[in-house]
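> Once you've had a glance at the structure underneath, I'll fire off some questions.
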Amino acid sequence: MTDWHAWHDAYDRPGSTLTQRLAHVRDQIRSALDALPPGPLSVISVCAGQGRDLIGALDGHPRAGDVQALLVELDERNAAIAREHAPGGVTVLTGDAGLTDVYAGRAPAHLLLMCGVFGNISDADIKRTIAFCAQLCREDGFVIWTRHREAPDAVPWISTEFEEAGFEEIWLSEPGFITGVGVHRLRRPALALQAGERMFTFV
Ligand SMILES: C[S@@+](CC[C@H](N)C(=O)[O-])C[C@H]1O[C@@H](n2cnc3c(N)ncnc32)[C@H](O)[C@@H]1O
């Protein structure tokens, strides 16, 4: 069993893969916030961990005050750390992010974070979860996702799955970068959130 609290320690090691990934993810969050329309902005983070990506990206960003975010994280220790650092407007829910019911009243969001999920679930669940992203993300909203590049590299397939679900690829980290970071935008009306469904289970 992975200790998901200790997993975050790599964020504190300068130059670690996770630190480099974090820089990409924060940059992409800031770019998405810059591109979104004026007014309130909704954000959902699935398996948010300690929330380092969103909370760091909001720090000093001009749209930070517009953001209403829901971070869903199962590990109580990580959720407590996220809560401790979360600015106003950011709610941290300790719960199972694989269940659609936790997003009732919050979906579809302008920005959906799916970071550190696709490396921990089966291919069938990746496909299923991407289909549900069209319920969690609003039309012209962004999803920012990550997946390691270990062989066989699943990043191109994941990008194609997003496209088949109605998303447009906006940005993909270069293949040489050790972790894949992708940004897609939903180019169709969001689908209604299906209650009582399980999107994924960590393996
Ligand atoms: C690889 S980490 C990614 C954390 C964060 N998104 C990031 O990129 O820094 C995966 C996180 O998912 C959490 N997790 C695992 N299963 C979960 C579930 N069913 N619901 C919510 N969180 C879950 C773990 O506790 C862990 O914090």
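The values are calculated or read from the model by the stated rules, or taken from the named source; none is laboratory data. Model, not experiment: these values are computed from the prediction. All Cβ positions, even for glycine, are placed from backbone atoms using ideal geometry, and neighbour counts span all protein chains on display.
> Report yes if some residue within the range 106-117 is surrounded by fewer than 23 Cβ atoms within 10 Å (Cβ to Cβ) and either of a type in the set (Phe, Trp, Tyr) or part of a helix (DSSP H, G or I) (or both); otherwise report no.
no
> Could you say whether any residue in the range 38-52 is in a helix (DSSP H, G or I) and either among the small types (Gly, Ala, Ser) or modelled with pLDDT of 95 or more (or both)?
Looking for residues that are in a helix (DSSP H, G or I) and either among the small types (Gly, Ala, Ser) or modelled with pLDDT of 95 or more (or both), one finds at least one in the range 38-52, hence yes.
So that you can scan it fast, the table gives a plain yes or no per residue for (1) near the ligand (Cβ under 8 Å from one of its atoms); (2) among the hydrophobic types (A, V, I, L, M, F, W, C); (3) in contact (Cβ under 8 Å) with a residue 60 or more places away in the chain; (4) touching a Cys at 6+ places or on another chain (Cβ under 7 Å):
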{"residue": "Pro40", "(1), (2), (3), (4)": "no, no, no, no"}
{"residue": "Val46", "(1), (2), (3), (4)": "yes, yes, yes, no"}
{"residue": "Gly49", "(1), (2), (3), (4)": "yes, no, yes, no"}
{"residue": "His61", "(1), (2), (3), (4)": "no, no, no, no"}
{"residue": "Gln68", "(1), (2), (3), (4)": "no, no, no, no"}
{"residue": "Gly89", "(1), (2), (3), (4)": "no, no, no, no"}
{"residue": "Asp96", "(1), (2), (3), (4)": "yes, no, no, no"}
{"residue": "Tyr103", "(1), (2), (3), (4)": "no, no, yes, no"}
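> Right, something else. Quick check on my filter: what residues within the range 167-181 are small (Gly, Ala, Ser) and within 16 Å of the ligand (Cβ to nearest atom)? Give the steps one after another, and end with the answer.
Step one: filter the range 167-181 for residues small (Gly, Ala, Ser), giving 173, 176, 180.
Result: Ser173, Gly180.
> Considering only the range 8-17, state which residues are exposed (fewer than 13 other Cβ atoms within 10 Å of the Cβ) and in a helix (DSSP H, G or I). Walk me through how you get there before you give the answer.
So the first thing to find is which residues in the range 8-17 are exposed (fewer than 13 other Cβ atoms within 10 Å of the Cβ), and the list is 9, 12-15.
Scanning the range 8-17 gives Asp9, Asp12.
> Run down Arg138, Arg30 and say which single residue is in a strand (DSSP E or B), under 24 Å from Gly182 (Cβ atoms) and within 15 Å of the chain's Cα centre (by Cα). First the steps, then the outcome.
Numbers: Arg30 fails: in a strand (DSSP E or B).
None of the other options fit; the residue is Arg138.
> Let me ask something else. Just wondering, is there one or more residues in the range 41-58 that are hydroxyl-bearing (Ser, Thr, Tyr) and crowded, with 18+ Cβ neighbours inside 10 Å?
The answer is yes; a qualifying residue exists.
> What residue, among those in the range 141-166 that are under 12 Å from the mean Cα position of the chain (by Cα) and over 14 Å from Ile44 (Cα atoms), is nearest to the ligand (Cβ to nearest atom)?
Restricting attention to the range 141-166, the residues satisfying the condition of being under 12 Å from the mean Cα position of the chain (by Cα) are 142-147.
Keeping just the survivors that are over 14 Å from Ile44 (Cα atoms) gives 146-147.
Working: Thr146: 7, Arg147: 11 Å.
Checking each candidate, the answer is Thr146.
> Can you confirm whether Gln20 is surrounded by fewer than 20 Cβ atoms within 10 Å (Cβ to Cβ) and assigned to a strand (DSSP E or B)?
Working: surrounded by fewer than 20 Cβ atoms within 10 Å (Cβ to Cβ): yes; assigned to a strand (DSSP E or B): no.
No, not satisfied.
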